[in-house]
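The values are calculated or read from the model by the stated rules, or taken from the named source; none is laboratory data. The model shown is predicted, which means the values in this text are computed figures rather than measured ones. Backbone-built Cβ (ideal geometry, glycine too); neighbour counts: all protein chains shown. We work out accessible area using only protein heavy atoms, side chains counted, and drop any ligands, DNA or RNA first. Shrake-Rupley method; radii C 1.70, N 1.55, O 1.52, S 1.80 Å.
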Amino acid sequence: MSNNLVIGIGALVVGGVVGYFAGAGNEKIVEVEKVVEVEKQQTATLDSVKSKGFVQCGVSQGLPGFSNSDDTGKWTGIDVDVCRAVAAAVFGDSSKVKFTPLSAKQRFTALASGEIDVLSRNTTWTMTRDTQLGLNFAGVNYYDGQGMMVPKSLGAKSAMELDGANICTNTGTTTELNITDFFRSNGMKFNLVAFEKADEVVAAYDAGRCDVYTTDRSGLAAQRTKLTNPDDHMVLPEIISKEPLGPVVRQGDDQWFNIVRWSLRAMINAEEMGITSANAKSKVNDNNPAIKRLLGSEGNFGAELGLSNDWALNILSQVGNYGESYETHVGPNTPLKLDRGVNELWSKGGILYAAPIR
Amino acid sequence: MSFSAFFYDKRLRSVLFQALLVLSIAFGFFWLIENTVSNLSEQGKSVGFSFLSQTAGFQISSTLGTWLMQYEVGRSTYLDVYFIGIINTFVVAVLGILAAAFLGFSIGIMRLSNNLVIRGFATLYVEMLRNIPLLLQLFFWYFAVLRSLPSRREQTELFSSVAGINITGLYLPAPIAQSGFMIVILVFIMAIIGAVMLSKWATKRQYKTGRTFPAFWAGLGLILGTPLVAFLALGSPLDWSFPEFKDTGPLLRRGFQSGTGMVIVPELIAVWLALSLYTAAFIAEIVRAGILAVAKGQTEASYSLGLRPGITLRLIVIPQALRVIIPPLTSQFLNLTKNSSLAVAIAYPELVSIFAGTALNQVGKEIEMIAMMMTVYLTFSLLTAAFMNWFNARVKLVER
Ligand SMILES: N[C@@H](CCC(=O)N[C@@H](CS)C(=O)NCC(=O)O)C(=O)O
């Protein structure tokens, strides 16, 4: 038999086998993939987080008070505290978290693709995002609304005077839609200059490219600190939208969804019960059964989440309650100077009302 | 044909293997698509292009794209947004390619100058611009442009107040076509065709009789003259909307009035500057290498035949250099087009910014939208490559 014939027959055999798998075997492979995929979606996040040893958390690229890193690379802010709380609940160690800075435009893709486990990046809960992006909002950690900042020298007292204005903002935000709605419904014209990153918005506004900087009012308070002369600018009184900001997870993994959601609720409930980072450990044997349930000395609440029973105790002793987090990062004694306002507990006139742990 | 003869036939064998390869690639794709769709549906996402007919609820900075598509919030659809992105990308790409080619050729020739100062400047230019990341240059030009322009309530008048510029952009008179203007455009197109035919005729005649004809100037006259005559004969069917500037009245109302004239936003100017200056540095090197690649003997031979230096450069050196220059030049043009996507960083509303950015965040159809975006870049690249190949075939020396 000649060499060529051997090669020919060999190739035919290989080709046949490949053809078989590519054609007939295809159904089977897809079937198997599907099953694997379904299982992955339903339980994977907690398992994969545990096996890699940290929570990967998507945050902003630098928004003081919410998520901001200092020169040593340490992240702080109320959004960062949510990430730390989840790490404390899962690992008993709030430092087991890594941060991925994301622009507004990148954030949902990063979450959907599994690059991050939680997105905690001043993200507004809207119906479209909830229903069309394959995501679930685990709660609200800051109730906000969109506002507008202008140079004082402009002499504007109200947003209604801004017909024809140039307005700077971020791409991939609710902001773009709200400002468009606002101007349209008031019959005013404007020009929108939308940047990918917040730093460029600040720089362009500072250089005078725009008369107006619009974003969430909390964001304005934070970005204002970055301007050359923060005192030369003012925030107009109008609040043109509702922006409930909160942590987000992928849809289809209820266990992980619950962990994030209840980590946040534990912080809010703790404030209501007067549990702080300082007294959490000593309150474990308090007389109040609600406190006992939260801190794990009564009931089996941690196990129901797939965690240990001291999950909330770890959150509170290491991260603190919601009020503490608020005061350290965005409250009146910080550069942001934000009053509690609606973000006060329901029992104190605000709208923070966390479902009970029972 | 016997079984073994089939395998001995080289041609049949290779056809068989190629068919198998194509088949397995096709199955690979099928598998990929099928899997993606099923994974997406598990995430609760549907697949499809119906979103394109939804109306878009966001404002887009006024550019050629918004003007051509007559963009209006609440009426225009995501498909319109797509087209606006394409137009705006196309604008920077074309403007950038023209400027980069012109500048690159000049700098490339300057690098070969005998004058030390000129040569030194060209070398400095190339080394600086090539070695600084484009994104940084983009920011540099953007903020340099912004910082150097007068504020929004002031302006620098240009061409005795027909046009003006300040931080919100360059304001020019906007043409408004009246009925009959289409005829002028038709005449213009016909004049171009006429000029091309004229130049063909002139070349032919020169081959036959040796007599030259100033085809370039005649053609230019034809292209510019006839539409002008038609324009005047039709009673100037074009109106102009001049930019209106107010520097009195309430502070908020001062500045260029929206809806008057035509504006070129500073974002476009910065992107254009950054892209052309950066790419020109690479083109300069290509041009220099191309000219150096032409053997010195060619020039000497030409001189010894009595041809003057200008003609030598035009007829002997450049045609041979072009042969070396054009292939890498093409890839620089393609790079420039693709690099234009960095413009999202400074708010120029090109494809990546408004379609794969803003719009994608509203509708969340990543796969579909990214695929649509890739199609555009692919088409741009293929078209540029096709054009350059055609041009290459024209200029390349006929080997004898
Ligand atoms: N809440 C809005 C806006 C969020 C947003 O991106 N805001 C900007 C401006 S305050 C921001 O966080 N920038 C910080 C950054 O990009 O790092 C949304 O979810 O769409």
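Where the second residue is at pLDDT 85 or above and the first is open to solvent by 70 Å² or more (accessible area, probe 1.4 Å) and lies in the stretch B:376-400, which pairs have Cβ atoms under 6 Å and are six or more apart or on separate chains?
Pairs found: B:LYS396/B:ARG323.
Out of all the residues in the stretch A:48-69, which are within 15 Å of the ligand (Cβ to nearest atom) and outside any strand (DSSP E or B)?
Correct list: A:SER60, A:GLN61, A:GLY62, A:PRO64, A:GLY65, A:PHE66.
Would you say B:GLY96 is farther than 30 Å from B:GLY57 by Cα, open to solvent by less than 40 Å² (accessible area, probe 1.4 Å) and of a type outside the set (A, V, I, L, M, F, W, C)?
Taking the combined requirement at face value, the residue satisfies it.
Out of all the residues in the stretch A:109-137, which are in a helix (DSSP H, G or I) and open to solvent by 10 Å² or more (accessible area, probe 1.4 Å)?
Within the stretch A:109-137, A:THR109, A:ALA112, A:MET127, A:THR128, A:ARG129, A:ASP130, A:THR131, A:GLN132 meet the criteria.
Could you list, in sequence order, all residues of the stretch B:151-178 that are among the acidic types (Asp, Glu) and either within 14 Å of chain A (Cβ to nearest Cβ) or surrounded by 14 or more Cβ atoms within 10 Å (Cβ to Cβ) (or both)?
Hit for the stretch B:151-178 is B:GLU154, nothing else.
Quick check on my filter: what residues within the stretch A:148-184 are part of a helix (DSSP H, G or I), facing another protein chain (nearest Cβ under 7 Å) and either over 26 Å from A:ASN122 (Cα atoms) or among the hydroxyl-bearing types (Ser, Thr, Tyr) (or both)?
A:LEU154, A:GLU161, A:THR180
Quick one: in the stretch B:76-86, of everything that is aliphatic (A, V, I, L, M) and buried (at least 19 other Cβ atoms within 10 Å of the Cβ), which residue is farthest from A:ALA194 (Cα to Cα)?
Step by step, filter the stretch B:76-86, then rank; the result is B:ILE86.
Among B:LEU222, B:LEU252, which is free of Cβ contacts under 8 Å to residues at least 40 places away in the same chain, within 14 Å of another protein chain (Cβ to nearest Cβ) and either in a helix (DSSP H, G or I) or not hydrophobic (A, V, I, L, M, F, W, C) (or both)?
B:LEU252
To keep it simple, each residue is scored yes or no on (1) within 14 Å of chain A (Cβ to nearest Cβ); (2) out of contact with any strand residue (DSSP E or B) (no Cβ under 8 Å at 6 or more places or on another chain); (3) over 24 Å from B:LEU268 (Cβ atoms).
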{"site": "B:PHE102", "(1), (2), (3)": "no, yes, no"}
{"site": "B:ARG119", "(1), (2), (3)": "no, yes, yes"}
{"site": "B:ALA122", "(1), (2), (3)": "no, yes, yes"}
{"site": "B:ASN131", "(1), (2), (3)": "no, yes, yes"}
{"site": "B:TYR142", "(1), (2), (3)": "yes, yes, no"}
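For the stretch A:185-230, how many residues are more than 15 Å from the ligand (Cβ to nearest atom) and either assigned to a strand (DSSP E or B) or of a type in the set (S, T, N, Q) (or both)?
6
Right, B:SER148: open to solvent by 50 Å² or more (accessible area, probe 1.4 Å), within 13 Å of chain A (Cβ to nearest Cβ), over 26 Å from the mean Cα position of the chain (by Cα) and under 30 Å from B:TRP240 (Cβ atoms) or not?
It is true that B:SER148 is open to solvent by 50 Å² or more (accessible area, probe 1.4 Å), within 13 Å of chain A (Cβ to nearest Cβ), over 26 Å from the mean Cα position of the chain (by Cα) and under 30 Å from B:TRP240 (Cβ atoms).
In the stretch B:42-75, what count of residues is obtained for those that are crowded, with 18+ Cβ neighbours inside 10 Å and within 12 Å of chain A (Cβ to nearest Cβ)?
Within the stretch B:42-75, residues that are crowded, with 18+ Cβ neighbours inside 10 Å and within 12 Å of chain A (Cβ to nearest Cβ) number 11.
Consider the stretch B:330-350. How many of its residues are open to solvent by less than 10 Å² (accessible area, probe 1.4 Å) and under 15 Å from the mean Cα position of the chain (by Cα)?
Here the count works out to 5.
For A:TRP75, state whether it is near the ligand (Cβ under 10 Å from one of its atoms) and in contact with a strand residue (DSSP E or B) (Cβ under 7 Å, 6 or more places away or on another chain).
Here the answer is no, as A:TRP75 does not meet what is asked.
Out of the residues in the stretch A:216-264 meeting the condition of being in contact with a Pro (Cβ under 7 Å, 6 or more places away or on another chain) and among the β-branched types (Val, Ile, Thr), tell me which one is nearest to A:PHE301 (Cα to Cα).
A:VAL260
Hey, B:VAL37 hits all of (1) of a type outside the set (D, E, K, R); (2) surrounded by fewer than 16 Cβ atoms within 10 Å (Cβ to Cβ); (3) over 30 Å from A:ILE179 (Cα atoms); (4) at the interface with chain A (Cβ under 10 Å from one of its Cβ atoms) but one; which does it fall short on?
B:VAL37 satisfies all of (1) of a type outside the set (D, E, K, R); (2) surrounded by fewer than 16 Cβ atoms within 10 Å (Cβ to Cβ); (3) over 30 Å from A:ILE179 (Cα atoms); (4) at the interface with chain A (Cβ under 10 Å from one of its Cβ atoms) except (4).
When you scan the stretch A:297-358 for helices (runs of 4 or more DSSP H) that lie fully inside it, which ones turn up with 1 or more residues that are at pLDDT 95 or above, buried (at least 18 other Cβ atoms within 10 Å of the Cβ) and not aromatic (Phe, Trp, Tyr)?
Here the list reads A:311-318, A:322-329.
Just checking, how many residues over the stretch A:91-107 are near the ligand (Cβ under 9 Å from one of its atoms) and part of a loop (DSSP other than H, G, I, E, B)?
Residues meeting the conditions: 4.
Go through the stretch A:243-281 and report how many residues are within 16 Å of the ligand (Cβ to nearest atom) and assigned to a strand (DSSP E or B).
5
Only one of A:VAL193, A:VAL202 is in contact (Cβ under 8 Å) with a residue 12 or more places away in the chain, of a type in the set (Val, Ile, Thr), more than 7 Å from chain B (Cβ to nearest Cβ) and open to solvent by less than 20 Å² (accessible area, probe 1.4 Å). Can you tell me which?
Result of the check over A:VAL193, A:VAL202: A:VAL202.
How many residues does the stretch A:70-90 hold that are in a loop (DSSP other than H, G, I, E, B) and either of a type in the set (Lys, Arg) or at pLDDT 95 or above (or both)?
Selection size over the stretch A:70-90: 2.
Tell me which residues, restricted to the stretch A:126-153, are more than 15 Å from the ligand (Cβ to nearest atom) and in contact with a Gly (Cβ under 6 Å, 6 or more places away or on another chain).
A:GLY134
Take the residues of the stretch A:154-184 that are touching a Gly at 6+ places or on another chain (Cβ under 7 Å) and among the polar types (S, T, N, Q): which is farthest from the ligand (Cβ to nearest atom)?
Ranking the qualifying residues of the stretch A:154-184, first place goes to A:THR180.
Taking the condition out of contact with any strand residue (DSSP E or B) (no Cβ under 7 Å at 6 or more places or on another chain) and in a helix (DSSP H, G or I), does B:GLY57 pass?
The answer is no for B:GLY57.
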